[in-house]
Amino acid sequence: MLETLITWLVDTIGTLGYPGIVLLMGLESSFFPFPSEVVIIPAGYLAQQGDMNLATVIIAGILGSLLGAWVNYAIAISVGRTALLKWGKWIFLPEEKFVRVEKFLKTHGEIGTFIGRLIPVIRQYISFPAGLSKMPLARFSFYTGLGAGLWVTILAVIGYSVGENEALVREWSQTALFWLLLGCVVLVLLYWKMRK
């Protein structure tokens with residue numbers, strides 16, 4: 001099943017090129033739960049094969065992530081908290097998940113936006129509380145782009161290095177996620193200590 005999906009994505013990205021990466025990463029970054037690993041890693045592999053450019057893959061991935069995040073940000077500003085809590089389940093945003101992400105962002109502010117882009121599940125929903133709190137768009141975009149850029153670069157490098165080896169892709173992705181989460185914990189602790 002996974003191999004079929006990856007093959008389809010490699011073919012799709014190969015056909016659509018960089019706009020395909022932007023589109024799929026826009027979906028991944030919005031409320032549609034679509035893992036970035038199955039987009040960027042195959043694109044990194046295509047770069048290794050000489051069919052794409054690695055730097056352009058990363059730029060397209062970041063752009064798509066920003067577009068999806070802006071959609072969620074705009075939805076939050078447009079409909080407000082009450083409507084999001086009421087209708088959130090239709091966009092894969094149950095109330096308990098929303099409240100958790102909102103609390104996370106209120107506690108950590110801008111750094112929460114950056115870190116949120118690196119954490120699975122939170123990644124897709126961090127834009128809603130940012131929009132509700134009316135975080136300045138430029139600041140929101142900067143921290144979103146920074147977090148998304150780090151994650152997209154890691155995935156692209158994994159795809160470029162071991163994209164044809166499914167076992168190594170899984171192992172490297174899990175290792176990268178572990179170190180990223182550990183880094184996030186350290187960053188939050190340092191941030192908290194500095195603020196105190």
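Screening V169 with (1) touching a Gly at 6+ places or on another chain (Cβ under 8 Å); (2) of a type outside the set (S, T, N, Q); (3) under 16 Å from I58 (Cβ atoms) gives one miss only, at (3). Tallying residues that are more than 24 Å from A74 (Cα to Cα), β-branched (V, I, T) and either touching a residue at least 40 places away in the same chain (Cβ under 8 Å) or in contact with a Gly (Cβ under 9 Å, 6 or more places away or on another chain) (or both) within the stretch 15-57 yields 4.
Out of the residues in the stretch 111-170 meeting the condition of being farther than 25 Å from N53 by Cα, within 12 Å of the chain's Cα centre (by Cα) and among the polar types (S, T, N, Q), tell me which one is surrounded by the most Cβ atoms within 10 Å (Cβ to Cβ). For the stretch 111-170, the residue satisfying everything is S127.
The residues on offer are L150, L177, L189, and the sole one that is under 26 Å from I75 (Cβ atoms) and not in a loop (DSSP other than H, G, I, E, B) is L150. Of the listed requirements (1) at pLDDT below 80; (2) farther than 22 Å from I77 by Cα; (3) aliphatic (A, V, I, L, M), L132 misses just one: (2).
Output the residue which, of all residues in the stretch 46-79 that are part of a helix (DSSP H, G or I) and loosely packed, with under 13 Cβ neighbours inside 10 Å, is modelled with the highest pLDDT.
The extreme case among them is A55.
Annotation for the stretch 91-99: no member residue is more than 18 Å from L27 (Cα to Cα), surrounded by 19 or more Cβ atoms within 10 Å (Cβ to Cβ), at pLDDT below 90 and of a type in the set (A, V, I, L, M).
The values are calculated or read from the model by the stated rules, or taken from the named source; none is laboratory data. Being a predicted model, the structure only gives us computed values, none of them experimental. Reconstructed Cβ throughout: ideal geometry from the backbone, glycine too, with neighbour counts over all protein chains shown.
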